[in-house]
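Since the structure comes first, as structure tokens, the remarks are kept for the end.
The values are calculated or read from the model by the stated rules, or taken from the named source; none is laboratory data. These figures come from a predicted structure and were not determined experimentally. Please note: Cβ atoms are built from the backbone with ideal geometry, for glycine as well, and neighbour counts cover all protein chains shown. Just so you know, the surface numbers come from the protein's heavy atoms only, side chains and all, with ligands and any DNA or RNA stripped out. Shrake-Rupley method; radii C 1.70, N 1.55, O 1.52, S 1.80 Å.
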Amino acid sequence: MIRMSKMTDYGIVLMTHLAMNPEIQHAAADLAAQVEMPLPTVSKILKQLARAQLLISSRGAQGGYNLAKSPRDISIAEIITILEGPIGLTECISTPGECGQESRCSTRAHWEYINQVIYRALNEIKLSDMVHPVRLHPIQFHQLTTHSALLDTGNITG
């Protein structure tokens, strides 16, 4: 099973919370209380997102955080990449040169393709979508056994 780190999960929750009221400046302590997360964790995530210019940080008594751009212009892939690093299911895709099998791996091209599909899907989901999520029907993976079956059903474009 592939899992994001807790920090990335928290980061998406925080960004979604900020996107619910983008016109309001949010203090780190208030955000931590509202989303029920430890303040040190919230502060660390907010600083990281501000360094990456997804958030605007203001200091002082009236300081806090705001989104640096519209929630429609921030993708989930962007948030994950900032908090997690390159999106990759395998080490050879996310950090080239790390795997001793890389030069002779017969599945590398397939992993690159899979990674691109996942990245595109995450890049299409915007922070604004997280504020008002749509209800999706679950994909029945056990029924789809081949790449061509995925293409035939329209779940993946080739």
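Worth a mention:
- If you go through the range 31-49 and keep only what is out of contact with any Phe, Trp or Tyr (no Cβ under 9 Å at 6 or more places or on another chain), farther than 19 Å from ALA68 by Cβ and of a type outside the set (S, T, N, Q), you end up with ALA32, ALA33, GLU36, PRO38, LEU39, PRO40.
- Residues in the range 44-72 that are surrounded by 15 or more Cβ atoms within 10 Å (Cβ to Cβ), more than 17 Å from LEU127 (Cα to Cα) and without any contact (Cβ under 8 Å) to a residue 24 or more places away in the chain: SER57 alone.
- Per the conditions (1) open to solvent by 60 Å² or more (accessible area, probe 1.4 Å); (2) part of a loop (DSSP other than H, G, I, E, B); (3) under 25 Å from ASP73 (Cα atoms), the sole criterion not satisfied by MET130 is (2).
- Filtered by the rule that a residue be at pLDDT below 80 and open to solvent by 100 Å² or more (accessible area, probe 1.4 Å), the range 102-124 gives a lone residue, SER103.
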